[in-house]
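All of the numbers you see were taken from the coordinates with simple rules; none came from a lab. Every value quoted in this text rests on a predicted model; they were computed, and no experiment measured them.
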Amino acid sequence: MPLRAATPPATDVVGLALEVLAAQGLSRPAAHAALVAMAQDRGQTVARCAALVVAAVDGRVG
C-alpha cells in the first residue's frame with residue numbers, strides 16, 4: 001500500500017487556503033492577493049503561507 005504524504009501537494013494547499021479565505025468573505029482574486037501579500041511580507045512562498053492558513057483552520061501548529 002503506498003504511503004500518503006503528510007501534507008497535500010502545494011496546488012491543493014493553495015486551493016484549500018483560497019476556499020478558507022473565500023469562506024471569510026473574500027473574493028477569489030482578493031484571497032489570492034492576500035496570500036501573495038502574506039508571502040511577500042514573510043519572505044516565504046505562497047504555498048507555505050497557504051499551508052499556514054490551512055493549518056490554522058485545522059488547529060495544527062506548524
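Data for the structure
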item: In order through segment 43-48: 3J(HN,Hα) via Karplus (6.51 cos²θ - 1.76 cosθ + 1.60), integer Hz, x for Gly, Pro; result: x, 10, 7, 4, 4, 5
item: Rounded to whole Hz, the Karplus (6.51, -1.76, 1.60) HN-Hα couplings of segment 24-32, x for glycine and proline; result: 8, x, 7, 6, 4, x, 5, 5, 5
